[in-house]
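Just below is one structure, and these are the notes that go with it.
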There are 2 protein chains.
Amino acid sequence: MTEQKDYKIAAVDRALALLEALADRPEQGVTSLAKSLGMTKSLVFRLLHTLEERGFVSRDPERAEYSLGYRVGVLGERLGKDGALLYAARPVMDDLRDRTSENINLVVREGLKSYVLATRAGRHSIRLFAQAGRNGPLHAGGGSLLLLAFAEPSVVDAALAQPLEAFTPHTVTDRTRLRQMLERIRANGYNIVVNDLDEGAFSVAAPIRGADGSVIASISVAGAVVRFDEERREAYLKAALEAAAEISERLSIHGPGESGRMKSTA
Amino acid sequence: MTEQKDYKIAAVDRALALLEALADRPEQGVTSLAKSLGMTKSLVFRLLHTLEERGFVSRDPERAEYSLGYRVGVLGERLGKDGALLYAARPVMDDLRDRTSENINLVVREGLKSYVLATRAGRHSIRLFAQAGRNGPLHAGGGSLLLLAFAEPSVVDAALAQPLEAFTPHTVTDRTRLRQMLERIRANGYNIVVNDLDEGAFSVAAPIRGADGSVIASISVAGAVVRFDEERREAYLKAALEAAAEISERLSIHGPGESGRMKSTA
DNA sequence: AAACGATGTTTCACAGAATAAAACATTGCG
DNA sequence: CGCAATGTTTTATTCTGTGAAACATCGTTT
């Protein structure tokens with residue numbers, strides 16, 4: 001436990017804890033909140049007043065019960081869904097890159113295409129398909145296939161109804177085999193592909209889940225196949241799954257536990 | 001200036017002001033924020049640290065610039081879009097009810113139906129169609145028609161392609177006349193109807209706009225036609241427009257100005 | 001290349017603000 | 001009708017938030 005400098009200002013931290021508690025369970029009263037947070041009633045009362053004045057908390061005047069206020073919604077909308085994902089993923093991606101020294105990709109689905117939200121460049125120089133802001137196919141690439149595997153059936157049907165381009169000789173374009181692959185990905189909870197989108201490249205992808213538990217993005221470790229031995233395969237898979245779990249936890253209502261203290265001390 | 005009890009706790013209020021500033025303009029540095037908010041650099045630095053630890057603020061590690069963090073998105077999503085609107089509207093609806101003594105309705109569009117988000121009962125007892133949680137038509141009722149008027153053309157076409165029920169002898173079901181009415185509503189920026197959904201009732205509706213400026217809801221004053229003279233017509237229209245503007249302002253990025261201090265001292 | 005200027009980070013001492021405890025008010029329930 | 005639980009207000013004390021200023025780091029200019 002290295003006591004790193006603590007600039008935290010207690011009053012603000014407590015106010016934020018209050019907001020989290022109200023997000024976790026709305027319609028709470030002063031006493032209930034005070035008890036569950038280990039604060040005194042008067043403190044909670046003052047905090048709520050402050051938050052309410054700015055619309056971050058809303059009081060039902062009849063029942064004197066509090067919930068999150070409209071300003072939280074306005075600011076959240078401003079950030080956008082991708083924004084939340086992106087910022088939650090950022091430090092985790094940095095960490096994953098440092099651990100693996102490979103390229104890291106954060107990919108979401110956009111209709112029948114994949115979309116690269118962010119990347120981290122590994123230490124080894126290799127040109128891959130993935131590039132932030134770029135649209136790609138859904139039927140090839142580690143992250144893309146994983147997204148397709150966890151998409152609604154109607155999306156899968158629509159995606160497979162399109163012409164399926166072969167990006168390399170190894171790209172799977174046979175629809176029956178593709179459906180089998182998707183089934184396997186769902187069963188495994190991850191996806192590993194080799195040479196299917198970029199010649200000479202591998203990709204190890206894990207699913208990121210939103211607050212409601214549905215898969216909303218994939219994070220993947222990608223690099224040159226020549227460095228991809230059995231040992232790395234295991235290590236990268238473990239790292240990718242952990243990273244995905246960490247991001248998913250951040251995006252859940254309960255938020256990250258006390259364990260996830262990532263400081264990339266490169 | 002009646003100095004009402006000030007329970008506001010300064011540190012928290014400043015932190016919230018910081019969040020608002022970052023929502024208004026992301027990617028700001030410490031100095032810029034300190035200057036625009038009239039705080040010292042060290043204070044802003046500490047506030048940002050506290051906010052960052054909880055994910056309410058996100059720092060670009062390279063450029064040392066801050067934006068809203070992912071937690072804001074998670075909490076905002078939890079509230080939902082209707083939640084933000086509902087909580088922003090609540091005190092305004094109370095105020096509008098107190099001013100007019102009539103029924104107040106907050107209505108949104110849900111596909112090709114209207115949906116009553118919330119109501120306030122006036123002092124005079126009158127049974128109206130509107131009831132919280134209820135779906136209604138789009139082609140009749142003050143608020144519903146206004147929502148239709150400001151909907152995308154494809155929605156209007158789809159709504160008018162349906163069979164149009166006549167709820168009273170005064171309900172307009174002629175499609176050409178309806179389109180003329182919608183045109184008028186758009187031009188006026190409000191809508192007043194009589195007897196078209198509830199026999200013997202009037203409705204004065206004004207548009208509520210979201211952060212992006214599009215019309216997302218309507219607020220309306222409704223009551224018995226027998227009390228609806230010219231003087232009240234003017235007064236209700238003014239009150240409804242003001243209420244709609246107030247709610248819209250709350251939902252905008254900049255938030256409510258210092259003017260809007262509503263305390264319903266009934 | 002050296003010096004400057006701007007920015008982010010850290011330190012520190014003090015004022016005043018946040019806090020806990022307890023009294024008070026209000027509401028609902030038995 | 002009284003009891004119990006909750007929200008609100010007050011107050012005294014302490015500790016924390018705060019501003020000023022020093023320091024570090026970076027990019028730019030001369």
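The values are calculated or read from the model by the stated rules, or taken from the named source; none is laboratory data. Please read these numbers as outputs of a predicted model, since none were measured by experiment. With ideal geometry, Cβ positions are generated from the backbone for all residues, glycine too; neighbour counts draw on all protein chains shown.
Structural remarks
- Residue in the stretch B:25-46 that is under 26 Å from the mean Cα position of the chain (by Cα) and either facing chain A (nearest Cβ under 8 Å) or modelled with pLDDT of 95 or more (or both) present: no
- The lone exception for A:K8 - which of (1) within 12 Å of DNA strand C (Cβ to nearest atom); (2) of a type outside the set (A, V, I, L, M); (3) assigned to a helix (DSSP H, G or I); (4) in contact with a helix residue (DSSP H, G or I) (Cβ under 7 Å, 6 or more places away or on another chain) it fails: (3)
- Failed item, numbered, when A:I253 is tested on (1) within 14 Å of another protein chain (Cβ to nearest Cβ); (2) in a helix (DSSP H, G or I); (3) not charged (D, E, K, R): (2)
- Which numbered condition A:N105 misses (of (1) at the interface with chain B (Cβ under 10 Å from one of its Cβ atoms); (2) buried (at least 20 other Cβ atoms within 10 Å of the Cβ)): (1)
- Count of residues meeting criterion [surrounded by fewer than 18 Cβ atoms within 10 Å (Cβ to Cβ) and touching an Asp or Glu at 6+ places or on another chain (Cβ under 9 Å)] in the stretch B:14-31: 3
- Qualifying residue in the stretch B:77-91 (condition: more than 7 Å from chain A (Cβ to nearest Cβ) and under 19 Å from A:R14 (Cβ atoms)): no
- Criterion violated by A:G80 - all others in (1) in contact (Cβ under 8 Å) with a residue 24 or more places away in the chain; (2) at positive phi; (3) more than 10 Å from DNA strand C (Cβ to nearest atom) satisfied: (1)
- Of all residues in the stretch A:55-95, those that are part of a helix (DSSP H, G or I) and not basic (K, R) total 21.
- Test set (1) touching a Ser or Thr at 6+ places or on another chain (Cβ under 9 Å); (2) at negative phi; (3) small (G, A, S); (4) modelled with pLDDT of 95 or more - A:A132 fails condition number: (4)
- Residue within the stretch B:5-16 that is of a type in the set (G, A, S) and more than 11 Å from DNA strand D (Cβ to nearest atom) present: no
- Subset of the stretch B:18-57 [more than 11 Å from DNA strand C (Cβ to nearest atom), basic (K, R) and under 18 Å from A:A10 (Cβ atoms)]: B:R54
- Evaluation of B:L96 against (1) more than 11 Å from chain A (Cβ to nearest Cβ); (2) touching a Lys or Arg at 6+ places or on another chain (Cβ under 9 Å); (3) at pLDDT below 95 (one fails), failing number: (3)
- Of the listed requirements (1) within 16 Å of DNA strand D (Cβ to nearest atom); (2) at negative phi, B:G38 misses just one: (2).
- Total residues in the stretch A:114-155, condition part of a loop (DSSP other than H, G, I, E, B) and of a type in the set (F, W, Y): 2
- Condition broken by B:E230, with the remaining ones in (1) free of Cβ contacts under 8 Å to residues at least 60 places away in the same chain; (2) within 21 Å of the chain's Cα centre (by Cα) satisfied: (2)
- Output for the stretch B:19-38, where each listed residue is farther than 18 Å from B:L68 by Cβ and outside any helix (DSSP H, G or I): B:G38
- Taken together, A:D198, A:D174, A:D157, A:D229 contain a single residue that is of a type in the set (D, E), surrounded by fewer than 20 Cβ atoms within 10 Å (Cβ to Cβ) and closer than 21 Å to A:V108 by Cα, which is A:D157.
- Filter result for B:I126 (closer than 18 Å to B:S101 by Cα and in contact (Cβ under 8 Å) with a residue 60 or more places away in the chain): yes
- Applying the condition of being over 23 Å from the mean Cα position of the chain (by Cα) and free of Cβ contacts under 8 Å to residues at least 40 places away in the same chain to the stretch B:67-76 and asking which residue is nearest to the other protein chains (Cβ to nearest Cβ) yields B:Y70.
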